[in-house]
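Read-outs throughout are calculated quantities, based only on the coordinates presented, and are distinct from any laboratory measurement. From a predicted model like this one, the values you see are computed outputs, not experimental measurements. Quick reminder, even Gly has a Cβ in these numbers, built from the backbone with ideal geometry, and neighbours come from all protein chains shown.
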Amino acid sequence: MKRFLVLFITLAALSQTTIAQEVEITPKGFLDKQNTTNNYVVLDVQNSSKETLYNKALKFVGKYYNNPKFVSSTIENDQIVIDGATSDYIKVIYRLSGSNLWYYHYKMILDFKDNKVKVSPIFKFLSNSDDDDQINLIGKKILGTSTGLFNEKGKILKESGNHKINEITNDLIQKLYLDLKQDSSSDW
């Protein structure tokens with residue numbers, strides 16, 4: 001009985017720190033997993049003004065990115081646009097020869113209202129660590145080499161690559177959400 005109670009409390013605590021909103025990469029770009037008509041998710045942060053959420057998100061960009069001024073642009077108290085790339089590579093075999101170490105390039109548009117942040121992630125491309133090869137959203141698979149995440153008919157070309165892109169994007173949204181919910185009134 002004790003084990004069950006400890007497991008229940010642990011699962012309850014974890015459910016409080018995760019967001020229900022996730023995106024998934026599709027041939028149309030990222031879509032909300034719960035409502036596939038939306039290419040965005042909305043993070044609800046109750047009792048927070050638009051300005052407070054904007055400032056917390058700006059601090060998040062400063063904390064998460066090495067050179068925040070280089071990767072972001074802002075419209076004060078209204079929007080932050082992050083134009084980023086992963087610092088770690090994704091190892092997925094998109095081609096039969098050469099390096100298959102890919103950096104994920106993305107754009108994340110954050111729009112603000114009282115109690116809400118709209119997050120619109122955009123897949124730009126994957127770039128190879130050794131040369132100028134790119135993997136786009138839509139491409140072809142020729143002789144074992146892929147040039148896109150999906151073919152023209154919407155079929156996934158490399159499931160593992162899409163999974164990793166979803167994981168990275170949702171992790172970034174989760175980190176942003178946790179920073180937005182954090183109480184900034186604590187005395188440091």
> From the backbone phi of the range 138-153, what are the Karplus-calculated ³J(HN,Hα) couplings (6.51 cos²θ - 1.76 cosθ + 1.60, θ = phi - 60°) in whole Hz, Gly and Pro given as x?
Replying inline: 10, x, 10, 10, 10, 6, x, 9, 9, 10, x, 6, 10, 8, 4, 8
>> Please list, in order along the range 99-106, the HN-Hα scalar couplings obtained from phi with the Karplus expression 6.51 cos²θ - 1.76 cosθ + 1.60 (θ = phi - 60°), rounded to whole Hz, x for Gly and Pro.
In response: 6, 10, 10, 10, 9, 8, 9, 8
> How large is the dipole of the chain about the Cα centre if only Lys and Arg carry +1 and Asp and Glu carry -1, each at its Cβ, rounded to the nearest 20 debye?
Replying inline: 520
> In degrees between 0 and 90, to the nearest 10, how far off the longest principal axis of the chain does helix 2-17 point, with axes built from Cα atoms?
Replying inline: 80
>> Under the rule of at least 5 residues apart or a separate chain, name every residue whose amide H is placed under 5 Å from the amide H of residue 38.
In response: 32
> Lys/Arg Cβ at +1, Asp/Glu Cβ at -1, dipole of the range 77-188 taken about the Cα centre: which of 125, 146, 166 is farthest positive-ward?
Replying inline: 146
>> Taking the alpha-carbon distance from residue 113 and a cut-off under 16 Å, which aspartates and glutamates remain once sequence neighbours fewer than 8 residues away in the same chain are dropped?
In response: 44, 51, 76, 78
> Based solely on its DSSP helices, what 222 nm [θ] is calculated for the chain when runs of n ≥ 4 H residues each add -39,500 (n - 2.57) and the sum is averaged over all residues, nearest 500 deg cm²/dmol?
Replying inline: -10000 deg cm²/dmol
>> If the elastic network links every pair of Cα atoms under 10 Å, which of 171, 132, 83 fluctuates the most in the Gaussian network model of the chain?
In response: 132
> Taking the inverse of the average 1/r across all pairs of different Cα atoms in the chain, what Kirkwood radius in Å do you get?
Replying inline: 18.2
>> Skipping prolines and chain starts, which residues have an amide H placed within reach, meaning under 5 Å, of the one on residue 48, given they are 5 or more residues away or on another chain?
In response: 115
> What shape does the range 20-112 have by the C-alpha gyration tensor, where a ≥ b ≥ c are the square roots of the eigenvalues, rounded means a/c under 1.5, and otherwise prolate means a/b greater than b/c and oblate the rest?
Replying inline: oblate
